[in-house]
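Since the structure comes first, as structure tokens, the remarks are kept for the end.
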Amino acid sequence: MNSIIFPGKGSQIVGMGKEFFDKYNVVKNLFNYCFFYYCNWEFIIVYPHFLLKIYMNLYEHTIIARQDASPAELKQLTEKYSKIIEKNDGEIVKTENWGLLNLSYIIKKNKKGNYIHFKFKGSGKIIVELEKNERIDKNLLKYLTVKVKKFDLDTNYFEVKEKITSEKKN
């Protein structure tokens, strides 16, 4: 007899395996893979974090560093927050350094700020961990996280502005 095991916290209900099988194509593919390639399987273990890793939320996260931050400090900030995302089972899709831009209003005696933008996949616990670290970081002025439905990876908005301004000068 073949069986399905769902280890972890929470209650288990009758028909839980069928519900996962019907709802998630990933689980269906997993079962089919196990059945076709390992015909003598006696049980399959489905870990809930496996499903979470496949169905992760998409986030865009922007941090504004102080205007007097050096390029080495900006690189260090990027690496620091990238590691936090990866440590909490997130996946960084794209990181962009937007450079030194004017602020709409003065923040902590700064008229400009260095913008760093992250696009990543992950769970809500990543946001909690990021913002906890950002609150105590003296090099940051502001931060913002937005949950999105899909990423726009093709458009580079700041590159377009540079081309337009250079064309106007000629």
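Some points to look at:
- Pick from the stretch 76-96, criterion assigned to a strand (DSSP E or B) and without any contact (Cβ under 8 Å) to a residue 40 or more places away in the chain, ranking: surrounded by the fewest Cβ atoms within 10 Å (Cβ to Cβ): GLU91
- For the stretch 137-160, residues that are open to solvent by 70 Å² or more (accessible area, probe 1.4 Å) and within 22 Å of GLY122 (Cα to Cα) total 8.
- For the stretch 103-113, the tally of residues that are farther than 19 Å from GLU131 by Cβ and open to solvent by less than 100 Å² (accessible area, probe 1.4 Å) stands at 3.
- Of all residues in the stretch 87-108, those satisfying the criterion of being more than 20 Å from ILE136 (Cα to Cα) and under 23 Å from the mean Cα position of the chain (by Cα) are ASP89, GLY90, GLU91, ILE92, VAL93, LYS94, THR95, GLU96, ASN97, TRP98, GLY99.
The values are calculated or read from the model by the stated rules, or taken from the named source; none is laboratory data. Only a predicted model underlies this, so the values are computations on that prediction, with no experimental measurement involved. Cβ coordinates were reconstructed from backbone atoms using ideal geometry, including for glycine residues, and neighbour counts include every protein chain displayed. Side chains are part of the model used for accessible areas, which takes the heavy atoms of the whole protein and leaves out ligands, DNA and RNA. Shrake-Rupley method; radii C 1.70, N 1.55, O 1.52, S 1.80 Å.
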